[in-house]
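**Q** Got a structure for you, written out below as structure tokens; questions coming shortly.
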Amino acid sequence: MEQSTSIILALYALVGIMLATLWLRHQSVLRQRDEMRTKLGNLQGNLASTSNRLDLLSRGVDTILGETPEVHELISVHKSLESAESLLFEQDVTISSSESCAIATHAAKAILSNYQRDSETEGSENILPGIMPLVSRLDAILTQADMKSEDLELNGDEQRGLGELFHESGKFDRATDFYRRANLLSPESSSILQSLASIQRDEADLDSLDRTLERLIAINPDDIEVLKEQTILISGSEDERFNRNIRRLEALGIDFQLPDKNIPNIAERANAIQSEINPHLKEPSTSEGWVSKSSKLLQLGEIRASLESIERALYLDASNSKAWLLKAKLLAAGENQSKEALQAIRRASGLGEYTVLLESEILENENKLDSARAVLEEWLEVNPDDAEVRGRLSLVLFRAGAIEWSKKILEEAPQDSWESASLHVMQGRLHLLAADEHRDKTGEHDHILLLDATISFDSAIEKDRESGLAWLGRSRALRYQGSMKEAEVALVRARRLIPDHPSISLEEAHLCLEMDKLDQANALVSEASTNVRSHPSIPFIRGMIAAKQGRFIEAKTFFSKVLVSDPNHIRARLNRCSASLLADDLVTALDDANSLIELAPELNLARQRRSEILMNLGDWKEAENELRTLLSQDSEHIMALVHLGACMIAMDKSEQAEKPLNEAIRYDPTHSEAWYQRGLLYLDFGRVDEAKSDFEAAAKYDKKHIDARLRIAAIQHDGENVNESIIAWRKVLDIDPEHRLARRRLQESVDRQENFNQRISPKG
């Protein structure tokens with residue numbers, strides 16, 4: 001009984017506990033609900049308050065936008081930058097370099113549209129408030145996209161404007177880049193040079209500042225402030241220019257006294273900058289530290305000091321392999337030290353350093369191509385997968401003229417080796433060489449070879465976008481194909497990656513030549529000549545510039561210089577032949593034409609030139625033979641047909657002249673000279689109306705064809721319609737305003753018209 005009672009009591013207790021627990025949970029839920037209601041009420045109150053604030057802020061923004069519309073422009077700039085960031089960095093689709101440049105250019109122009117200032121204004125008073133953070137964003141975009149001023153399609157003033165904005169925002173390196181680009185585009189702009197000078201002052205770059213001031217003086221020799229500043233800068237170092245400036249200031253009525261206090265100020269600024277970067281100021285305590293210091297000195301171009309540091313490194317640790325390798329590089333950069341450099345290489349190699357490429361380069365620079373080849377071949381036998389060595393060996397063979405062996409080395413490369421950009425670069429160079437040879441033989445480019453070259457260089461860039469040689473090769477291939485803008489973009493990349501490569505300036509000069517930027521081409525070839533004085537491309541480009549400017553005797557001299565070093569240079573000989581013909585040096589021209597026919601019998605242009613020379617010599621029969629030979633090789637050669645017609649006329653075989661002239665017009669109805677020659681033939685036949693029609697066709701297809709215009713005017717002059725005669729002679733004078741015969745005949749026609757008017761006018 002007691003046991004049953006105990007059980008019942010326990011059950012009641014358990015139920016009581018459960019009920020208490022449920023009650024407590026209910027109370028907790030009620031409290032949480034009340035707290036949530038309270039929080040919800042507070043939140044609603046906060047939302048209402050926030051809404052009121054936002055409404056107030058919106059009205060404030062509307063007021064600001066209404067009263068300061070330029071803020072709208074800042075919003076527009078922000079959107080442009082945001083769009084550029086999205087397109088360049090947030091898309092999965094790969095875009096071309098030209099598209100990237102266009103996107104960045106658009107963003108830059110959006111900023112510039114809010115920076116309109118007078119070219120003579122100084123300071124930041126015209127900079128719109130709020131623009132500077134956007135300038136910093138543009139700098140970040142350019143940095144992430146690895147772009148410089150050359151990549152943006154901006155004129156000189158726009159480049160300077162961005163330079164000033166970057167300068168104001170403290171981006172000195174970026175500002176300098178844009179100032180220099182602006183100066184390149186507008187070299188005679190004194191305002192741009194002033195901007196460049198300002199940042200050179202801020203950076204205490206005294207040497208550059210001096211050069212800039214000198215250029216400003218060249219533009220304006222009487223600029224008093226520039227003369228004063230340069231005089232202070234060069235005092236005690238260059239007496240000749242110092243005295244020149246003093247004399248000029250005296251001539252301008254300025255009694256200039258050198259302020260001693262300025263000199264230490266300038267020096268202090270220069271020293272402050274140098275103290276941060278000058279490795280001379282640091283004294284390492286370890287061998288590795290001296291190697292690091294040597295590397296920094298090498299970057300500054302201080303070879304001797306760098307070599308001294310390496311000797312200190314080796315004194316502390318003669319087994320420092322990196323020190324031996326760097327010593328080899330330093331010795332290789334000096335003169336007549338190749339033997340010592342090779343000894344250092346062998347020490348570095350014995351200590352485990354990779355030296356084969358450096359060793360081959362030293363041997364190649366010593367013109368020991370066989371030795372360089374042997375070193376590379378020996379290494380490649382043991383390491384056939386070394387793509388860089390394989391590419392170097394192909395290049396050595398290429399330079400030695402062993403083209404087939406150069407190709408074979410690439411053909412034997414393991415498949416994995418083609419992951420290296422260097423092999424694709426060499427393949428592209430071989431394609432370009434083949435394209436050059438085809439052009440020399442035929443006078444025309446093989447577009448398939450050029451396409452193959454472009455594909456090879458693009459493959460190299462895909463493997464390594466920092467391959468300057470790949471970008472350089474791509475630029476040349478695109479130039480050959482006539483894609484000048486794309487070639488220019490590729491060349492900008494190449495210059496940035498390998499700025500000291502001797503071919504950069506030469507390729508850029510060729511490109512400017514193709515684009516008729518002759519002054520720029522001349523400046524670039526002068527730059528190249530300081531690095532590669534004996535390169536045949538230098539006199540060749542100068543000859544082309546002279547020829548384009550009508551200085552044919554000078555052009556002939558330059559092409560002769562090319563032929564001294566390379567007698568088989570087809571284009572130089574062909575161009576000298578043309579220049580000699582235009583300079584009336586028919587003996588030289590004929591010798592060159594004869595040589596060309598022997599060197600390149602398929603080069604139709606050589607036979608054309610020879611026929612033209614013979615025609616100028618009056619050897620019509622031999623000219624005819626040459627032309628018929630040319631036509632047997634190319635029956636549709638327009639100029640050969642035209643010249644053959646002219647020969648027939650000259651030899652009183654007019655009845656045989658019409659057929660080749662008709663064929664020339666049939667093949668090319670727009671060929672003005674064909675129409676003109678047939679007009680002469682019809683005039684000889686007495687078919688005046690037909691002759692006049694042909695002369696008019698010649699003038700139609702060549703607006704500057706003065707001979708055709710003279711023939712038309714002569715026919716009209718002999719006719720009865722005086723008004724048409726007057727019009728015809730005036731068209732001649734439109735081409736050559738100083739043409740004496742045309743002026744005389746025009747006056748005769750005007751006089752005839754006046755006499756006629758007087759006769760028919762009523763008397764009294």
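The values are calculated or read from the model by the stated rules, or taken from the named source; none is laboratory data. Not measured: the values here are computed from a predicted model. Here Cβ is always computed from backbone atoms with ideal geometry, including for glycine, and neighbour counts include all displayed protein chains.
**Q** What number of residues within the stretch 191-209 satisfy the criterion of being assigned to a helix (DSSP H, G or I) and surrounded by fewer than 19 Cβ atoms within 10 Å (Cβ to Cβ)?
**A** Start the filter on the stretch 191-209 by keeping residues that are assigned to a helix (DSSP H, G or I), which leaves 191-202, 206-209.
This time we only want the ones that are surrounded by fewer than 19 Cβ atoms within 10 Å (Cβ to Cβ), so: 191, 198, 201-202, 206-208.
Residues flagged as assigned to a helix (DSSP H, G or I) and surrounded by fewer than 19 Cβ atoms within 10 Å (Cβ to Cβ) within the stretch 191-209 amount to 7.
**Q** Which residue pairs have Cβ atoms under 9 Å apart, sit 6 or more places apart or on different chains, and have a first residue in the stretch 480-505 that is acidic (D, E) and a second that is surrounded by fewer than 16 Cβ atoms within 10 Å (Cβ to Cβ) and outside any helix (DSSP H, G or I)?
**A** Within 9 Å, the pairs are E486/S96; E488/M515; D500/N531.
**Q** Of all residues in the stretch 560-592, which are within 20 Å of S526 (Cα to Cα) and either touching a Leu at 6+ places or on another chain (Cβ under 9 Å) or not in a helix (DSSP H, G or I) (or both)?
**A** A572
**Q** Select the helices (runs of 4 or more DSSP H) contained entirely in the stretch 444-533, then report the ones holding at least 2 residues which are at pLDDT below 90. Working first, answer last.
**A** Details: elements: 447-463, 468-480, 484-497, 502-514, 518-529.
So the answer is 484-497, 502-514, 518-529.
**Q** Further question: Name the residue, out of V356, V375, V396, V382, that is among the aliphatic types (A, V, I, L, M), without any contact (Cβ under 8 Å) to a residue 12 or more places away in the chain and within 30 Å of V291 (Cβ to Cβ).
**A** Numbers: V356 fails: without any contact (Cβ under 8 Å) to a residue 12 or more places away in the chain; V375 fails: without any contact (Cβ under 8 Å) to a residue 12 or more places away in the chain; V396 fails: without any contact (Cβ under 8 Å) to a residue 12 or more places away in the chain.
None of the other options fit; the residue is V382.
**Q** Hey, another quick one. Quick one: E626 ticks every box in (1) closer than 25 Å to T588 by Cα; (2) under 40 Å from the mean Cα position of the chain (by Cα) bar one, so which box is it?
**A** Single failed check for E626: (2).
**Q** For the subset of the stretch 390-412 comprising residues that are among the β-branched types (V, I, T) and surrounded by 23 or more Cβ atoms within 10 Å (Cβ to Cβ), which member is nearest to K463 (Cα to Cα)? Lay out the reasoning, then the answer.
**A** Quick first cut of the stretch 390-412, residues among the β-branched types (V, I, T) only: 396, 403, 409.
Those left that are additionally surrounded by 23 or more Cβ atoms within 10 Å (Cβ to Cβ): 396, 409.
Details: V396: 22, I409: 20 Å.
Among those that are among the β-branched types (V, I, T) and surrounded by 23 or more Cβ atoms within 10 Å (Cβ to Cβ), it is I409.
**Q** Let me ask something additional. Name the pairs: first residue in the stretch 562-575 and in contact (Cβ under 8 Å) with a residue 60 or more places away in the chain and basic (K, R), second residue part of a loop (DSSP other than H, G, I, E, B) and crowded, with 21+ Cβ neighbours inside 10 Å, Cβ to Cβ under 7 Å, at least 6 apart or on different chains?
**A** Qualifying pairs under 7 Å: none.
**Q** Name the single residue that is nearest to K171 (Cα to Cα) among those in the stretch 202-226 being in contact with a Lys or Arg (Cβ under 8 Å, 6 or more places away or on another chain) and at pLDDT below 80.
**A** Among residues in the stretch 202-226 that are in contact with a Lys or Arg (Cβ under 8 Å, 6 or more places away or on another chain) and at pLDDT below 80, the one nearest to K171 (Cα to Cα) is A204.
**Q** Need pairs with beta-carbon distance below 9 Å; first residue assigned by TED's automatic domain parsing to the domain that holds L627 and within the stretch 587-612, second at pLDDT below 95 and of a type outside the set (A, V, I, L, M); sequence gap 6+ or separate chains.
**A** none
**Q** Among (1) in contact with a Ser or Thr (Cβ under 7 Å, 6 or more places away or on another chain); (2) assigned by TED's automatic domain parsing to the domain that holds A640; (3) surrounded by 14 or more Cβ atoms within 10 Å (Cβ to Cβ), there is one condition H717 misses while meeting the rest; what is its number?
**A** Going through the list (1) in contact with a Ser or Thr (Cβ under 7 Å, 6 or more places away or on another chain); (2) assigned by TED's automatic domain parsing to the domain that holds A640; (3) surrounded by 14 or more Cβ atoms within 10 Å (Cβ to Cβ), H717 breaks only (2).
**Q** Is it the case that L363 is under 22 Å from H535 (Cβ atoms), part of a helix (DSSP H, G or I), under 36 Å from the mean Cα position of the chain (by Cα) and modelled with pLDDT under 90?
**A** yes
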